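The values are calculated or read from the model by the stated rules, or taken from the named source; none is laboratory data. In this text, all values refer to a predicted model and were calculated from it rather than measured experimentally. Cβ atoms come from the backbone with ideal geometry, glycine included; neighbour counts cover every protein chain shown. Side chains are part of the model used for accessible areas, which takes the heavy atoms of the whole protein and leaves out ligands, DNA and RNA. Shrake-Rupley method; radii C 1.70, N 1.55, O 1.52, S 1.80 Å.
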Amino acid sequence: MSKTILIKNASQVITVKGYSEKPATRGEMANLSIIENGAVLLTDGKIAAVGTYEEVKGKAGGQLDGADIIDASGKIVLPGLVDPHTHLVHAGSREDEFGMRLKGATYMEIMESGGGIHATTSRTRAASEEELFSEGMKKLDSFLLHGVTTVEAKSGYRLDWETEYKQLLVAKQLNEAHVVDVVNTFMGAHAIPAEYKADPDRFIDLIIEEMLPKVAAEGLAEFNDVFCERGVFTPEQSRRLLEAGKKFGLTPKIHADEIEPYEGAELAAEVGAISADHLLKASQTGIDRMAEEGVIGVLLPGTAFFLMAESANGRKMIDSGVAVALSTDFNPGSSPTVSMPLIMNLACLRMGMSPEEVITAATINAAHAIGRAGRVGSIEEGKQADILIANVPNYKRLQYNYGINHTDTVIKNGEIVVKGGVVC
């Protein structure tokens, strides 16, 4: 059983309260519900009380006896960050492609030449479960050091059942072994295998007829994702796959409109996807449809930054009524970073979002994008005690000091797991 912990004297407690049932949109995204000189009481792995010290003391009663005290003077307290789009389980890296891209090669050109996703799939196929698990544990430690307490993890790095199964199984094992919560997404349709290049519909048939039933039968994933992009999977193929996944209880997600407008945002609204991700080239019609249907826009500014591309227009999406979330898109090719703090910086500097909006996008809205908003993403009584203490005097400093990781202490399920910038 977790100890009782009292965090007191925080210069600000950023609660982001009030949006557990429905994600924040438009002006709501700037409403952080800040408590100055705040305190938070954690008991039995849950948030027991939030307010000023006197308010928390009044609610706590005898719970403060023997409690561990964290003096957060000069620091701020936030919900643990949530990363709703990662490719966590994979083998190898692709730094050799970096030079190619600097010389002008595009992402699609690199992939078509045998690099990109195809390079990672071959390495992931060759790796053992033990190797993938060991690397995954290290990566999750790195996420934790950057204040991230929940991540989503996609498969999609072999495109055959044996390796898809291996990735999903390892992600499930990581969720059980590591303090960071790992949420599984099946992404069998991440790319077209070479043997199906002439007939991608046959590969979609394979996923629907053979892979989806196995994913569902073994409870290996909650979500079903597809890379809907010209040269990968068409809107028609993506629709067929996502609708099939729904019949097996898998909630749709979609990689949409990343490289060119391709009606991915519109498709996300049509199939009732929980999120559409990337959206660099999404049409205004697609954005409006997402807002109407409550599809969350998961934006990945690190990917555009690393690929030297124009970022998604976060400002336009928020003003259009889309609930925006942020993610690293951690992967070995187009966004090899686990730094959510940097992603939050980039959202301000390259996507027109305010410091307030990026905090909402990296906490409660990100939690909504993976179906966890009832549990994490805000500091409210009864929620899981996932807390980030940052070594800054106010929340605006987080975005002003770009490229700096201000994580001081991380509490997961009521246990201190990072202290002084070191994993405990």
statement: Across (1) closer than 24 Å to Met187 by Cα; (2) open to solvent by less than 10 Å² (accessible area, probe 1.4 Å); (3) not basic (Lys, Arg), Gly371 clears everything bar (2)
- request: Spot the failing condition for His190; the list is (1) modelled with pLDDT under 95; (2) farther than 25 Å from Arg372 by Cα; (3) not hydroxyl-bearing (Ser, Thr, Tyr), and only one is missed.
  value: (2)
query: Does Val16 satisfy the criteria of being at pLDDT 95 or above, touching a strand residue (DSSP E or B) at 6+ places or on another chain (Cβ under 9 Å) and not in a loop (DSSP other than H, G, I, E, B)?
result: no
Residues located in the range 223-234, provided they are surrounded by fewer than 19 Cβ atoms within 10 Å (Cβ to Cβ) and either at pLDDT 95 or above or of a type in the set (Lys, Arg) (or both): Arg230, Thr234
- line: Reported set for the range 235-280 where residues are open to solvent by 10 Å² or more (accessible area, probe 1.4 Å) and assigned to a strand (DSSP E or B) is Thr251
Residues that are touching a helix residue (DSSP H, G or I) at 6+ places or on another chain (Cβ under 8 Å), open to solvent by less than 60 Å² (accessible area, probe 1.4 Å) and outside any loop (DSSP other than H, G, I, E, B), drawn from the range 90-106: Glu97, Arg101
message: Gly188 - would you say it is part of a helix (DSSP H, G or I) and buried (at least 24 other Cβ atoms within 10 Å of the Cβ)?
response: no
Matching residues, the range 260-283, being touching a Lys or Arg at 6+ places or on another chain (Cβ under 7 Å) and hydrophobic (A, V, I, L, M, F, W, C): Ala265, Leu267, Ala269, Val271, Ala273, Ile274
query: If you check Ser142 against the conditions, is it open to solvent by 50 Å² or more (accessible area, probe 1.4 Å), in contact (Cβ under 8 Å) with a residue 40 or more places away in the chain and not aromatic (Phe, Trp, Tyr)?
result: no
